[in-house]
Amino acid sequence: MSIDYTERIPNNVNLAEDRRLQRALESWQPAFLQWWGEMGPTLPTQDVYLRTAVAVGREGWANFARVKLPEYRWGIFLAERDPGRRIAFGQHKGEPVWQQIPGEHRSSLQRLIVVQGDTEPASVEQQRRLGLTAPSLYDLRNLFQVNVEEGRHLWAMVYLLHAYFGRAGRDEAEALLLRNSGSEDSPRILGAFNEETPDWLSFFMFTYFTDRDGKYQLGTLKESAFDPLSRTCEFMLKEEAHHMFVGTTGVDRVVERTAVLMREHDTDDVAPLGGIPLAVIQKYLNFHYSVSLDLFGGETSTNVANYFTSGLKGRWQEERRRDGHVLTEAVTAVEQIEGDRIVAVELPALTALNHDLRTSYIADCETGITRWNRILASNGVTGPQLRLPHVGFDRKVGMFAGCHITPDGRIVDAAAWEARRPAWLPTAADKAHVESLMRPVYEPGKIAAWLAPPRNGINGQPLDYEYVRF
Ligand code: BYC
């Protein structure tokens, strides 16, 4: 089914047939647009070369065109319904999925949807000033693409709140526009979404590590017995892939430029040459990886055990797993601190599901490390390489919170840890150097000197295409 863009809210959920819901969403729409105007991108533009979803099928789901940003059409798109779909896990395994929410699961599902929904506008807020310093029109366009789609993901969650949670859902939808990233009085719900994204190295790290958490969390919600949530997340994942591409290739290009400068000048200190030293890249990586690990919640959680058992939230690629999908008997190994050592202990798999998801996420993060080190090697850089810090490093959530663990996984005392902090996490001087490189480059085909050019343009366009017009 192709989507009708003459409707006020483009959708594939037959909104026109549910006048009450349509009216409720139409009354939320001006508040969204006002929020976008106040908290969205600050850089004024004439138009941007953007993709917009036009269908949800496998092929040809998106259309590319020049769009005036404030006129972007945010819509509600769910993946197609599979009428035979059954619950794949937990105590209701094998039963048909739910089209309505069983009363006993209302509050848990609402909580999950609100937490997910809260992250989407948060990231737009975090990124709002990046348009002032983009390293090229290509990158600027990618930033706006990510921003409009995060805005659409907010719509996705607001649709569910309005359609299935009555008055309470409408109140939560309103509140999603009232909390703000980094606000003293009403911050965003999860820690990483109150951090700043002040520069483009942070943006690439964020889209690599934090958007990747999004991929895994959406992957678990895609398994949900609540079918509308599952279908919403399935389509969101499709859009999300580009966001991670921006992160992966963004870090690729920074690493490549640094490696070229290191080789050409035979030095690690590429800062005076206008590059970002490898050690600084590593520190940014350490920071973004650790705050993203916090997004998985505690290693053990009765919340997550209940979500799984009742069918609200599955595991990553639940249906591909070769077990009973119930987990009442299963155990799994989880790292824990015992005295001055970190050891693996066996715990019930059900309560360790946040840990299970985080384990898949970490393996995925490793693929970035491998590719960046390959870029270093192919440029003849043979010294220290990039790596993921230990899972316990600099954590604020879970069993490692409050512990002092080094990037290589040693437990040390607070003083020793603090003394080494400048070697592990970005210092004021590191941030000032990165900041000094953030100068906008808005001539078609031109690119800032601190990163390599992209390999390809967007949607087959050349690199010197005017991706954004002012
Ligand atoms: N900060 O039992 P626990 C994305 C709370 S990113 C602050 O371990 P649970 C995106 C927790 O809520 C994906 N608080 O938690 C990326 C709980 O509070 P209550 C976002 C935290 O429930 C880039 C308490 O601590 N999606 O899409 O097992 C750009 C006890 O914790 C944090 C989701 O997260 C934290 N980091 O798991 C744009 C999916 N961590 O309930 C978008 C929905 C935990 O006792 N959310 N707490 O008051 C969930 O599945 C779960 O709520 C969590 C936590 C995985 C977040």
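The values are calculated or read from the model by the stated rules, or taken from the named source; none is laboratory data. What you see is a predicted model, and the numbers here were worked out from it, not measured in a lab. Counting neighbours? That spans all protein chains shown, and the Cβs are built from the backbone with ideal geometry, glycine included. Note: accessible area is taken over every heavy atom of the protein model, side chains too, but ligands, DNA and RNA are not part of it. Shrake-Rupley method; radii C 1.70, N 1.55, O 1.52, S 1.80 Å.
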TODO: Run the numbers on region 130-200 and let me know its relative contact order in percent, using alpha-carbon pairs under 8 Å that are six or more apart.
DONE: 26 percent
Task: Span from the region 317-351 Cα centroid across to the region 18-91 one, whole angstrom - done: 37 Å
Task: Computed over the chain, Kirkwood Rh from alpha-carbon pairs, angstrom - done: 23.4 Å
Task: Label-reachable residues, region 175-210, where backbone N falls under 13 Å from a point 7 Å from Gln34's Cα toward its Cβ - done: 175, 177-178
Task: Count of lysine pairs in the chain with Cα separation under 24 Å (8 or more residues apart, or interchain) - done: 16
Open item on the list: Defining a contact as two alpha carbons under 8 Å apart and six or more residues distant in sequence, what relative contact order in percent does the chain show?
Closed with: 19 percent
- [ ] State, to one decimal in nm, how far the label point of Ala415 lies from the label point of Ala377, with both points 7 Å from Cα in the Cβ direction.
- [x] 4.2 nm
Open item on the list: Between Ser27 and Asp266, what's the calculated FRET efficiency when r is the beta-carbon distance and R0 is 60 Å? Round to 0.05.
Closed with: 0.40
- [ ] Subtract the Cα-Cα distance of Ser436 and Arg86 from 0.36 nm times their separation in residues, and report this length gain in nm to one decimal.
- [x] 120.6 nm
- [ ] Distance between Cα centroids, region 126-148 to region 436-455: provide it in whole Å.
- [x] 12 Å
TODO: Go through Pro384, Leu357, Tyr5 and say which Cα lies farthest out towards the positive end of the charge dipole of the chain; charges sit on Cβ, +1 for Lys and Arg, -1 for Asp and Glu.
DONE: Tyr5
TODO: For Ala279 and Ala16, compute 0.36 nm times the residue count separating them, minus their Cα-Cα distance, and round to one decimal in nm.
DONE: 89.2 nm
Open item on the list: In Å², and per residue, what accessible area does the chain have when probed at 1.4 Å with the other protein chains present?
Closed with: 42 Å²
Task: Under the span-like rule (Cα at least 20 Å along the axis, Kyte-Doolittle mean at least -0.5), DSSP H helices of the chain - done: 106-126, 137-164, 227-265, 278-294, 353-378
Task: For region 179-287: rounded, prolate or oblate by the Cα gyration tensor [a/c cutoff 1.5] - done: oblate
Task: Mean separation of Cα contacts under 8 Å (6+ apart) over length of region 279-398, as relative contact order % - done: 37 percent
Open item on the list: Give me, ordered by chain and number, the residues 5 or more places off Ala62 or on other chains with an amide H under 5 Å from its own placed amide H.
Closed with: Val54
